[in-house]
1. How do 202-210, 69-77 rank on mean C-beta neighbours within 10 Å, highest first?
2. Testing the spin-label approximation: label points 7 Å from Cα along Cα→Cβ at Q319 and T287. State their distance in nm.
3. Going by amide H atoms built from the backbone, whose H comes under 5 Å of the H on L45, apart from near neighbours?
4. What's the local net charge at Q229, with K and R +1, D and E -1, over the other residues with C-beta under 9 Å away?
5. Counting only other residues whose beta carbon sits under 12 Å from that of R296, what net charge do I get with K and R as +1, D and E as -1?
6. Step through the residues of region 257-270 one at a time and calculate ³J(HN,Hα) from phi using the Karplus curve (6.51 cos²θ - 1.76 cosθ + 1.60, θ = phi - 60°), rounding each to whole Hz and writing x for Gly and Pro.
7. Out of N278, N138, N40, any idea which swings most in a Gaussian network model of the chain, alpha carbons joined below 10 Å?
8. Which of rounded, prolate, oblate describes region 217-285, given a ≥ b ≥ c as roots of the alpha-carbon gyration tensor eigenvalues and a/c under 1.5 marking rounded, otherwise prolate only if a/b is larger than b/c?
Amino acid sequence: MPPLKYLVVSGLLLMAAPLFAQVTPPPTATTKPAEAPSFNKAVRLTVAPDDSGDYRTIQEAVMAVRDFMQVEATIFIKNGTYREKLVVPSQKTHITLLGESKEGVVITYGDYSGDAEKHTTYTSSTVRVQGNDFTAENITFENSAGPVGQAVALHVEGDRATFRNCRMLGHQDTLFLAIENSRQYYQDCYIEGTTDFIFGASTAVFDHCIIYSKRDSYITAASTTPRQQFGFVFFDCQLTAAPEAKKVYLGRPWRPHARTVFINTDMGAHITETGWDNWRNPDNEKTAYYAEFNSRGPGAPAKNRVAWSHQLKAKDAKQYTLEKIFAGPTAWTPQRK
């Protein structure tokens, strides 16, 4: 047995070892403090189907963005076909989906109302945008279900949504502008469908868009509420159609106070002389507001338009500016590019 003094010293050293192990040395001059999480730092992510980006699916990239961003989070999407039922949740704000090319980036799915999964119009969408301050450029949104009834390609309910140089492909109910407190701007877009393929309660502007009817039916079905001054407004658009489409109406009211206005629009011969329909309910004629200004082309003559529609005078048309249409509780004027 070793002498007592050696045992005492050894014991003190053993007790001290853990104490020294818990002491963190002071930072040196070159140590950088950890960066605090920020909602104000721009983010850029890349999606690619071949593993050359940060993510392989758009949904993964969207969910990777911090909630309630205050500056842009740009998700660059490389060319490819993305079979996704994409949702941009309400907490994912200030997201931009930027496609490599309009024809090359396709988001597609095939749900439709009444399918085996018991989807409705409200759940059939390929892409659903709930977050505010959303932007999409150079992207195709497609519902691939075919002519089987209501099948939404793009469903938008977020406020201050912008779509530039995009395509919306489908048949019935292609583009759903879902709720009244949503302001939406579409510039240089291509939208195709059969029946009511631009529909809903939002306030929306279509600026230099091509609207393509695939058969005889109705282009718009607004459900504007009495609380809204503006519904759907089309500026400098082209109304085109497939050869088999011979009798297409500009719109019919999904709800009584529907508001739809066409300004400086080229209308093909497929647009019916009467222009508008009351959805087999004469009472709708008392509240719906359907108007045109300076329509052009073979489908434009106003002579035989329904008596309850309006031909605007120049002074009336001047009220239709982006600033006034999108005034809302907080001002918003999307920038034309």
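1. Highest-to-lowest ranking by the protection proxy: 202-210, 69-77.
2. About 1.9 nm separates the two model spin labels.
3. Under 5 Å from the amide H of L45 lie the amide H atoms of T74, I75, F76, each far enough along the sequence or on another chain.
4. +3
5. Local net charge: -3.
6. Listing the rounded values in order: 9, 3, 10, 9, 9, 10, 10, 6, 10, 7, 10, x, 5, 6 Hz.
7. N40
8. Numbers: a/c = 2.67, a/b = 1.42, b/c = 1.87.
Cα axes put region 217-285 in the oblate bin.
Coordinate-derived values only; no laboratory data. Quantities reported herein were computed from a predicted structural model and do not represent experimental measurements. Reconstructed Cβ throughout: ideal geometry from the backbone, glycine too, with neighbour counts over all protein chains shown.
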